[in-house]
1. Failed condition for A:A434, given (1) within 30 Å of A:A214 (Cβ to Cβ); (2) surrounded by fewer than 18 Cβ atoms within 10 Å (Cβ to Cβ), with all others met?
2. Just give me the residues in region B:440-479 being at positive phi and modelled with pLDDT of 85 or more, in sequence order.
3. Residues A:L355, A:L351: which one is touching an Asp or Glu at 6+ places or on another chain (Cβ under 9 Å), within 14 Å of another protein chain (Cβ to nearest Cβ) and under 20 Å from A:L290 (Cα atoms)?
4. A:S405 versus (1) within 14 Å of chain B (Cβ to nearest Cβ); (2) within 20 Å of A:D38 (Cα to Cα); (3) in contact with a Lys or Arg (Cβ under 8 Å, 6 or more places away or on another chain): which is the lone unmet condition?
5. One residue is enough: does region A:261-275 have a residue meeting the conditions modelled with pLDDT of 95 or more, farther than 30 Å from A:Y421 by Cβ, away from chain B (no Cβ under 14 Å) and surrounded by 23 or more Cβ atoms within 10 Å (Cβ to Cβ)?
6. Looking at B:S80, B:S85, B:S58 in this structure, which one is within 30 Å of B:V149 (Cβ to Cβ), of a type outside the set (F, W, Y) and within 14 Å of another protein chain (Cβ to nearest Cβ)?
7. Residues being under 23 Å from the mean Cα position of the chain (by Cα) and outside any loop (DSSP other than H, G, I, E, B): count how many of those fall in region A:236-254.
8. In region A:23-43, which residues are hydroxyl-bearing (S, T, Y) and either in contact with a Ser or Thr (Cβ under 6 Å, 6 or more places away or on another chain) or at pLDDT 65 or above (or both)?
Amino acid sequence: MSLAPTWPTLRGWLIIAFCLSGLCSGAALANTTSVTIDRQILPPHLDPTRTASASTAEVTHMNVFQGLTRIDQHAQLSPALATDWQLSEDGLTLTFQLREDVEFHDRRPFDAEVAAFSLLRLLDPASGNPQRQLYEVIEDVSVEDTYRLRLQLSRPDALLPFRLALSAAVMVHPDSAATNDKAPVGTGPYQVLPWAGEAVSLTHFPHYWGPTPAIRDATFTFTANRFELEHSLSVGNVDLHADASPLPSHLQLALRGDYSILKGSSEGEVILALNHAHPALADRRVRRALSHAIDKQALLSIYADTTPSLIGSHFSPHHPAYVDLVDYYPYDPERARQLLAEAGYTDGLELRLSLPPPIYAERGGLFIAHDLEAIGIRVSLERLGWAEWLDQVFTRKEYDLTLVSHVEPFDIDIYARPDYYFNYANETFQTLWAQIERTQETEQRHRLLAEAQQLLAEDAANVFLYMKPQHSIHRTGLQGVWRNTPIPAVVLEDMYWE
Amino acid sequence: MGTKQTAAVPEQPVANASPWLTGLMSRTVVLSLVLMAVTLGAILLALNAFTQYRLTVSQLAEHKTQELMTANLLRQQTESLVSSSALLLLANNHFQRREAMFEVADRAEWIDRLISQLAALRATHEQFEEIRNDRDRLVEKLARLDVLVQQRIDLRQQIERSDTPNQADLTQLADIETQLVAVIQNTRQVSSNLGVAAGYQVTVIRDEVGRTVADLNTHIASQATLLKAAAAAVFVSVLVLVIFIQFSVVQRIRRLQSSMSQPRPLPGDIEVKGSDEIAHMGTTIRRYVDNINAKEERILLMNRELNFLATHDALTQLHNRHYFEQTLNQQGKALQAKGFSAAMIDIDHFKRINDNFGHAVGDQALRHVAMLMRRSLPEGVLLARYGGEEFAVLASGVSFETTQQWLEQLRQLIAATPLRVGDIEIMITVSIGLAPQLPGGDVSQAFKAADECLYLAKRSGRNCVTVRPLRKSDEEEPQ
């Protein structure tokens, strides 16, 4: 898209306008303490403990809210609001020593009572935390003293400190927990300025317990429209867009010199999610037909400068227990048609493909629809806004197919949750997952995880496509941007201008 | 050292009005306030101008630029929407058709928001309704186009799949093509309307920017004139203040300094004009100079008195013995050349006067005799109180006989002039020993001889003048 006007006079006026704009934005250009970050998805609200949408975590996690532990860009665990933790010999007691100099943005202190409240709220089904199941191993939370917190576990869980670093387990204060969705109050280096429901403005919290970050002010904008996003990037309104790889113009932008591309990876598995409540999709033959029908390699052509890793199950190749099942269902339209015929859908299957707004989903949806139509399935495409998708697809489960990335790391457990939006109820998998959770021995655990991957592939629970690449585009000079995003977060604290 | 009489310095009258109103400080304050007011006025004028510029530039940069950008984006997207319709028309399969429709939907959605943004920026919605209606009509046409293209793709695929094309399919395909042409023509008309409407907004905003810039230029010119006037006023104020300080302060202080630099400044030399602080300072300096001069006079007088006391006898006012002997030493040779006579005079029975009448009367007696000596003897005769009631007389340049005659007259005068103390008259006589210049002898030898004669006079019954005649032995036995 070009901004060059067609009228010569208009061009002149635009030059004046740009110059005037430069007068005002000159300070901003020279300002090395602020940053504008664009995300495509507008968060439904700003409380990461009450939504499955990664868009909320991307804005607030580690910027506004912090957990007892944190995960860095290399997926390494480190202390956050807890300075240290000890696991009892039987593995059933986890004791955290908390920082003593932490304040919430409303100047209320953080202590073990607050931490206990946060974790008990997390475990309370009424709190609406969509990741609550990850923490069910916590049987009891007790305060040992002002800054010591003890967790009693129902069984040993070596991954619990890792899970406590996720955005679902951030610390919230009893007095502000109920209003965090509109006016978040956390312990992080940034506090949220009054939010009107669109762009989110953060400013440095002067009483933050950690080092003063180089970036003092940040604005998160949300541009779902691809053309508008390309325009914003082309005129320099955006300092960082963390997911630019499917954007058709990102390579041209990078050639300009004022933008750089950081090629990283995420833990997001892109899948064609199937609603098992649909009569046809409840039939494994139909699901396998869909898996054979889709040309994954062709689908990857939406990425101009990278070839993401294909997957054959809901599991990251970065994990040591990964099993390569990419070729479990090779692209074979003829076999797909045959399976459909076997299932009785020779000529009569019609499916609705509901697409969320991310570019990879919209562009990928074209390929999916094309491939499915090639085997005789009539596909109707439905484009949804993110709030609509969360409500219609994720919450009310009113969909047939959807193309989405699951960005939470190590989330294969979602297939053990029959109430999850897949409506996937496989008792064998649920039993297997329970066994995995009980297993502490690494080798045995990896063997069971391999079985789980195999089971999901064999059952064609979903159509597993590829690992979502994380190619961010940022203004040249902006440093500290996470190359890889093992968890969904845009960590401002690590950024600085060079 | 001579002395000058100085006129008494009159006390400078203090002005009745408050010095804050009439003094140098008040005038300085007033002038400074005027300068400050003019300067502040100029600064405020400049600040006001800057504020106006900032507001106008901000308005231009933040609002007008955004309006212009938004309007231009709107115009651009309406054109792109037409381009997307071309992609839709050219679609050979559903992939391309959907891709084109995605693009159409995205552009239509953005256009809708751009219209809302522009309406909000321009605080008016009425004129954008037409644009919005055109957009809706265009999207409607494109949706219709999508249906026709979809039918065309399906029909073409159907025809391609069949070995012998169905005539009905071919007729339907031709009918679809005809409908597509009609829709395209309709779409062109609507898109043209939309483009013109969006372009009109660009023109309106551009003209507004032009007017704002022209107004700004006019305002800058008027503000520049005002600022020049203000700068001139500041310059004049500074000039007045400098002149005032030069004439009212600097030059007067210089004159004062010049007056004070004279070796012996007089109060009348110190300028006192007006009633301001410098006039007060001049009065104070004048009074100070007057005091200094008066004190200097007193010191000189005291010096004269001290000098007199150093050479005179305080009681009789005659020269004292120290002066007498110093004079004889200094003028000894001259006296010898000129010739002299020496005499010693002693009050007879002076002790008796003291005893009978007291020392105060004794002192009166001494003053009485001294007074008669001064009155009786010529001025050229050197007189001195030699000690106690004894006086020394040196007459030079006159004959011994004359001197003897003067002394005799003196003796007679003293004897005939009693000292009156109240009702009492005290008779006083003196004995006098007179010696001439002895051959080869100096003054001291003459006085020694006179003293011996005085002794003889006392022995002879007092109240007489005993003369030391020249003897033959004086010439034989040089002294």
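1. The failed condition is (1).
2. B:G461, B:R462, B:N463
3. The unique qualifying residue is A:L355.
4. (1)
5. no
6. Step by step, each of B:S80, B:S85, B:S58 is checked, and only B:S80 is within 30 Å of B:V149 (Cβ to Cβ), of a type outside the set (F, W, Y) and within 14 Å of another protein chain (Cβ to nearest Cβ).
7. 3
8. The answer is A:T32, A:T33, A:S34, A:T36.
The values are calculated or read from the model by the stated rules, or taken from the named source; none is laboratory data. Quantities reported herein were computed from a predicted structural model and do not represent experimental measurements. Cβ sites come from the backbone with ideal geometry, for glycine too, and all protein chains shown count toward neighbours.
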